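Throughout, read-outs are computed from the coordinates displayed, never taken from laboratory work. These figures come from a predicted structure and were not determined experimentally. Positions of Cβ are generated from backbone atoms using ideal geometry, with glycine treated the same way; all protein chains shown enter the neighbour counts.
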């Protein structure tokens, strides 16, 4: 897949959906919550 053909707005929408979806492997936290839990 050539990402140069993908609209940046569509890419950002999908990125937000993925990063705000709870994951079973990290105890139903979102990746965003998990990342900010490690930052000071």
(message) Just to be sure I understand the model, the point goes 7 Å from the Cα along the line to the Cβ. What's the resulting residue 16 to residue 3 distance in nm?
(response) 1.9 nm
(request) Go ahead and estimate [θ] at 222 nm for the chain from helices alone: -39,500 (n - 2.57) per DSSP H run with n ≥ 4, summed, over the residue count, rounded to 500. (result) -14500 deg cm²/dmol
(request) Could you tell me how many degrees, from 0 to 90 and to the nearest 10, lie between the Cα long axis of helix 8-19 and the main elongation axis, the longest principal axis, of the Cα atoms of the chain? (result) 20 degrees
